[in-house]
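Novice: Before we start, here is the structure in question, set down as structure tokens.
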Amino acid sequence: MKTVNDFNFKGLKAIIRVDFNVPLNENFEITSTNRIDAAVPTIKKILDDGGAVILMSHLGRPKSGPEDKFSLRHLVNYVKQVLGATVYFADDCMGENAAKMSAALKPGEVLILENLRFYKEETAGDEAFSKKLASYADFYVNDAFGTAHRAHASTTIIANYFDKEHKAFGLLMAKEVNAMEQVLTNSKHPFTAILGGAKVSDKIQLISNLINKADNIVIGGGMMFTFVKAANGKIGKSLVEDDFIGNIADILNKAKEKGVKIYIPSDVVAADAFANDANTKIMNAGEIEDGWMGLDIGPVSRKEIADIVLKSKTILWNGPMGVFEMEAFTEGTKYVAEAIAEATAKGAYSLIGGGDSVSAIKKYKLGDKVSYVSTGGGAMLEYVEGKTLPGVHALL
């Protein structure tokens, strides 16, 4: 795997696929700069070498053509500030203007192209669109792991127009892939995967692949109740996917064959309504009363999961243990997050991924207490499921 650190960019123009899909408020001000900040080391490496940089990204989900609220022009001032470089903006990613501005770019300068997704050709992986983007530069870099699971023009097809000596992983992209490999290929044991979230249907493939890798798989969140019901437990009006109860037996049998321990929480914080001010009480996970629902793991389960985590050498966390957005049901997720941080301090390798898990780790201010926090929700999920990511494969 070659990264930008393996090349000298003096006199070269590099076109970089970045993930600048940042949140904006009603005044088009950036409310979280994390994604831009994460790309800075790659951009600066090329500029410091004496190269020029063309940045391309999507922003939001424009439905049909240009919309000002999704324009990358809103990001230009911050990019200038964080890079300390001359930054130009092309009001289109196609057409004569983009080509002229790219051609005129001098070493040390940066050009930001307008939102790629103003063109349907981007998500369609159109060849002509990809070839046009490629024509702007001498070198292609992908630093957008969050979109690496999509075979879009800018993430995958464009790479076909550059040979192996003129394309590379950005530093963020390389970090992401290395973090996944650390967990999936080079893991130290015991390896514990903690999986939460609402739906078991979203995690079936993930669980199946992890049974071949992990020693322990902890199931939490709403998805645990499909497991509980499959074991003939009473779950009240907790979330359940009846259509997937049959899959649970297959998972448990496969885990047993492989000697993998699947842990289902034994108690829950139950509520009589899906609300922060609902009445709550602790119940056994398989004995939830009619009219009540489990919205967090209980105190016994928290300690049992923490005990598993603290004995682990590798930890993967994807999905919260309960409805952590509501303060009444945040304790289980917080407890597990703190256990992961403690295990990391004792030498375990911990990878956090998936939107809600990342939000949780930030909410509890533990981002710097774990080994790696992935920037790619869907991409990370597919990687851990064992799928080949088109954006990664295109650079190999």
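Novice: Among the listed residues Phe20, Phe9, Phe70, Phe89, which satisfies the condition of being in contact with a strand residue (DSSP E or B) (Cβ under 6 Å, 6 or more places away or on another chain) and not β-branched (Val, Ile, Thr)?
Specialist: Every option except Phe89 fails the conditions.
Novice: Just to be sure before I move on: is Asp296 in the same structural domain as Gly233 (by TED's automatic domain parsing), assigned to a loop (DSSP other than H, G, I, E, B) and of a type in the set (Asp, Glu) in the structure I sent?
Specialist: Details: in the same structural domain as Gly233 (by TED's automatic domain parsing): yes; assigned to a loop (DSSP other than H, G, I, E, B): no; of a type in the set (Asp, Glu): yes.
Criteria not met by Asp296.
Novice: Which residue pairs have Cβ atoms closer than 7 Å, lie 6 or more positions apart in sequence or on different chains, and pair a first residue in the stretch 353-371 that is in contact (Cβ under 8 Å) with a residue 60 or more places away in the chain with a second residue that is in a loop (DSSP other than H, G, I, E, B)?
Specialist: Correct list of pairs: Gly354/Gly319; Asp356/Gly197; Asp356/Gly319; Asp356/Pro320; Ser357/Gly319; Ser357/Pro320.
Novice: List the strands (runs of 3 or more DSSP E) inside the stretch 162-275, counting only whole elements, that have at least 2 residues being hydrophobic (A, V, I, L, M, F, W, C). Even if it seems obvious, please write down each step before you answer.
Specialist: Values: elements: 167-169, 191-195, 216-219, 261-263, 267-271.
Qualifying strands (runs of 3 or more DSSP E): 167-169, 191-195, 216-219, 267-271.
Novice: Here is a follow-up. May I ask you to verify whether Ser130 is buried (at least 16 other Cβ atoms within 10 Å of the Cβ), of a type in the set (Ser, Thr, Tyr) and in the same structural domain as Tyr161 (by TED's automatic domain parsing)?
Specialist: It is true that Ser130 is buried (at least 16 other Cβ atoms within 10 Å of the Cβ), of a type in the set (Ser, Thr, Tyr) and in the same structural domain as Tyr161 (by TED's automatic domain parsing).
Novice: Looking at the stretch 172-200, I want the residues that are more than 13 Å from Asn216 (Cβ to Cβ) and have a partner that is of a type in the set (Asp, Glu) with Cβ atoms under 7 Å, at least 6 apart or on another chain. Which pairs are those?
Specialist: Within 7 Å, the pairs are Leu172/Asp143; Met173/Asp143; Gly197/Asp356; Lys199/Glu241; Val200/Glu241.
Novice: If you take the residues in the stretch 347-396 that are of a type in the set (S, T, N, Q) and in a loop (DSSP other than H, G, I, E, B), which one is surrounded by the most Cβ atoms within 10 Å (Cβ to Cβ)?
Specialist: Residue satisfying both the conditions and the ranking: Ser374.
Novice: Looking at (1) at pLDDT 95 or above; (2) of a type in the set (A, V, I, L, M); (3) outside the structural domain of Ala39 (by TED's automatic domain parsing), which is the one condition that is false for Leu113?
Specialist: Of (1) at pLDDT 95 or above; (2) of a type in the set (A, V, I, L, M); (3) outside the structural domain of Ala39 (by TED's automatic domain parsing), only one is false for Leu113: (3).
Novice: Next up: Among the residues of the stretch 67-93 satisfying the criterion of being part of a helix (DSSP H, G or I) and in contact with a Leu (Cβ under 8 Å, 6 or more places away or on another chain), which is surrounded by the fewest Cβ atoms within 10 Å (Cβ to Cβ)? Step through it out loud before you land on a result.
Specialist: The initial filter retains those residues of the stretch 67-93 that are part of a helix (DSSP H, G or I), namely 68-70, 72-83.
With in contact with a Leu (Cβ under 8 Å, 6 or more places away or on another chain) added as a condition, the list becomes 69-70, 72, 74-75, 79, 83.
Details: Lys69: 11, Phe70: 19, Leu72: 25, His74: 17, Leu75: 23, Val79: 23, Leu83: 19.
Checked the stretch 67-93; the qualifying residue surrounded by the fewest Cβ atoms within 10 Å (Cβ to Cβ) is Lys69.
Novice: What about Asn232, is it over 30 Å from Ser57 (Cβ atoms), modelled with pLDDT of 95 or more, surrounded by fewer than 19 Cβ atoms within 10 Å (Cβ to Cβ) and not hydrophobic (A, V, I, L, M, F, W, C)?
Specialist: On the way: over 30 Å from Ser57 (Cβ atoms): yes; modelled with pLDDT of 95 or more: yes; surrounded by fewer than 19 Cβ atoms within 10 Å (Cβ to Cβ): yes; not hydrophobic (A, V, I, L, M, F, W, C): yes.
Taking the combined requirement at face value, the residue satisfies it.
Novice: Moving to a separate point now. Would you say Gly108 is free of Cβ contacts under 8 Å to residues at least 60 places away in the same chain and at positive phi?
Specialist: Working: free of Cβ contacts under 8 Å to residues at least 60 places away in the same chain: no; at positive phi: yes.
No.
Novice: Quick one: how many residues across the stretch 309-329 are crowded, with 21+ Cβ neighbours inside 10 Å and not small (Gly, Ala, Ser)? Walk me through it before giving the result.
Specialist: Quick first cut of the stretch 309-329, residues crowded, with 21+ Cβ neighbours inside 10 Å only: 309, 312, 314-324, 329.
Among the residues that remain, those that are also not small (Gly, Ala, Ser) are: 309, 314-318, 320-321, 323-324, 329.
So the count comes out to 11.
Novice: Which one of these is at pLDDT 95 or above, among the aliphatic types (A, V, I, L, M), farther than 30 Å from Val40 by Cβ and within 18 Å of the chain's Cα centre (by Cα): Ala193, Ala174?
Specialist: Step by step, each of Ala193, Ala174 is checked, and only Ala193 is at pLDDT 95 or above, among the aliphatic types (A, V, I, L, M), farther than 30 Å from Val40 by Cβ and within 18 Å of the chain's Cα centre (by Cα).
Novice: Do you know which residues across the stretch 319-364 are modelled with pLDDT under 95 and among the polar types (S, T, N, Q)?
Specialist: Residues satisfying the conditions are Ser357, Ser359.
Novice: Related question: Of the residues Arg35, Arg17, Arg61, which is over 15 Å from Phe145 (Cβ atoms), within 18 Å of the chain's Cα centre (by Cα) and in contact (Cβ under 8 Å) with a residue 12 or more places away in the chain?
Specialist: Residue meeting the stated conditions: Arg61.
The values are calculated or read from the model by the stated rules, or taken from the named source; none is laboratory data. These numbers were taken from a predicted model, which means no experiment stands behind them. Heads up, the Cβs are rebuilt from the backbone with ideal geometry, glycines too, and the neighbour counts pull from every protein chain shown.
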